[in-house]
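The values are calculated or read from the model by the stated rules, or taken from the named source; none is laboratory data. Because the structure is predicted, anything quoted here is derived from the model rather than measured. Note that each Cβ is placed from the backbone with ideal geometry, even for glycine, and that neighbours are counted across all protein chains shown. To get the accessible areas, we keep the full protein, side chains included, count just its heavy atoms, and leave off ligands, DNA and RNA. Shrake-Rupley method; radii C 1.70, N 1.55, O 1.52, S 1.80 Å.
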Amino acid sequence: MAEKSIFKFRIEPQDVDFTFHARLDSLCSIMLHMAGADAQNRGFGVDAIMVKNRAWVLSRMSVEIDRFPKQYEGMELRTWVSENRLLLSTRNFEMVDAAGEVVCRAVSQWCLIDYERRVPVSLEECDTFTPDKLCSAPSPCTPPRKLRGIEPTESTSRRVVYSDIDFNHHVNTMRYLAMMLDVLPIDMLSSNRPLRLDVHFMHECRLGQTISVGYCQQGEESMFEIISDEATVACRAVIEWR
């Protein structure tokens, strides 16, 4: 069985907001970046699977944050893959501060897709992702939950532009999260309260499309839904404030 991979990093100025604490989308981006680096180191990264016209796509993610790290704070990220099912691979994360405290934990679920047809394929096709690359350590928090549709009390529309897209002209996953955070009241974002995020990426949006970001508040839960101009739900998310 594989061991957890460990990466050291620090919170840089581009990762923080005006409170000098890391933003939620920055922490998620750091985790996804390290996931890519770990997959490449272990032989099942983008470079290895693209030769067979395959790609990794993030399907769902749950993130629990106890404390938002400060600017220039040194951190350690631990990541490992704990389970492969037929169509989903589970990758886990822990962010640990200099005192050894876990301040953030996450569980992500990934699909392997046919890059041109954009449809899921069996993980058994990824012959570089062998069972010995799984780690026996359990996930550090509960996996992403299913999210229902919402009736937004607020909604904003925007066009998908150059800065939103990735290498295949679709909206980058973390851009969806940034769009949702942008509709929240600023006092909620500046409080740096502990939280849990559940997010489900459902369909891709393309350059030039117009998308609608819907939001409603139910008690301590901020609920979001992003819909494309084709009336397709692209992404749903819930932030539970703690």
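Out of segment 130-147, which residues are under 27 Å from Arg118 (Cβ atoms), touching a strand residue (DSSP E or B) at 6+ places or on another chain (Cβ under 8 Å) and part of a loop (DSSP other than H, G, I, E, B)?
To start, the set of residues in segment 130-147 that are under 27 Å from Arg118 (Cβ atoms) comprises 130, 133-134, 143-147.
Checking the rest, the ones that are also touching a strand residue (DSSP E or B) at 6+ places or on another chain (Cβ under 8 Å) come to 133-134, 143-147.
Across segment 130-147, the qualifying residues are Leu134, Pro143, Pro144, Arg145, Lys146, Leu147.
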- Query: Any residue at all in segment 28-50 that is at negative phi, out of contact with any helix residue (DSSP H, G or I) (no Cβ under 6 Å at 6 or more places or on another chain), aliphatic (A, V, I, L, M) and open to solvent by 40 Å² or more (accessible area, probe 1.4 Å)?
  - Reply: yes
- Query: Quick one: how many residues across segment 65-112 are within 25 Å of Lys133 (Cα to Cα), β-branched (Val, Ile, Thr) and either in contact with a Lys or Arg (Cβ under 7 Å, 6 or more places away or on another chain) or crowded, with 20+ Cβ neighbours inside 10 Å (or both)?
  - Reply: 4
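Each row is one residue, and each column tells you yes or no for (1) at pLDDT 95 or above; (2) within 16 Å of the chain's Cα centre (by Cα); (3) closer than 30 Å to Val46 by Cα.
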residue: Ser155; (1), (2), (3): yes, no, no
residue: Thr173; (1), (2), (3): no, yes, yes
residue: Asp198; (1), (2), (3): yes, yes, yes
residue: Met202; (1), (2), (3): yes, yes, yes
- Message: Test of understanding: among Gln40, Gln71, which residue is in contact with an Asp or Glu (Cβ under 9 Å, 6 or more places away or on another chain), more than 15 Å from Leu197 (Cβ to Cβ) and free of Cβ contacts under 8 Å to residues at least 24 places away in the same chain?
- Response: Gln40
- Task: Hey, can you tell me all the residues within segment 17-27 that are under 19 Å from the mean Cα position of the chain (by Cα) and surrounded by fewer than 17 Cβ atoms within 10 Å (Cβ to Cβ)?
- Result: none
- Item | Matching option when the condition is modelled with pLDDT of 95 or more and surrounded by fewer than 12 Cβ atoms within 10 Å (Cβ to Cβ), among Val183, Val161 | Val161
- Task: Just need a number here: residues in segment 213-228 that are under 20 Å from the mean Cα position of the chain (by Cα) and closer than 17 Å to Leu184 by Cα.
- Result: 9
- Query: Of all residues in segment 131-173, which are touching a Leu at 6+ places or on another chain (Cβ under 6 Å) and in contact (Cβ under 8 Å) with a residue 40 or more places away in the chain?
  - Reply: Val160, Ile165, Thr173
- Among all residue pairs at least 6 apart or on different chains, which show Cβ distances below 7 Å where the first residue, located in segment 181-202, is closer than 17 Å to Ser29 by Cα and the second is in a helix (DSSP H, G or I) and β-branched (Val, Ile, Thr)? Phe201/Thr173
- Task: Report those strands (runs of 3 or more DSSP E) wholly inside segment 17-106 carrying at least 1 residues which are within 17 Å of Lys4 (Cα to Cα).
- Result: 74-84, 89-96
- Note on the structure: Here the residues within segment 86-109 that are in contact (Cβ under 8 Å) with a residue 60 or more places away in the chain and hydrophobic (A, V, I, L, M, F, W, C) are Phe93, Met95, Cys104, Ala106
- Message: For segment 1-16, which positions are open to solvent by 20 Å² or more (accessible area, probe 1.4 Å) and either assigned to a loop (DSSP other than H, G, I, E, B) or within 17 Å of Ser82 (Cα to Cα) (or both)?
- Response: Met1, Glu3, Lys4, Ile6, Glu12
- Task: Note down all Cβ pairs under 9 Å where the first residue falls in segment 1-15 and is free of Cβ contacts under 8 Å to residues at least 60 places away in the same chain, the second is open to solvent by less than 40 Å² (accessible area, probe 1.4 Å), and they're at least six residues apart or on different chains.
- Result: Gln14/Ser26; Asp15/Ala22; Asp15/Ser26; Asp15/Leu27; Asp15/Ile30; Asp15/Pro69
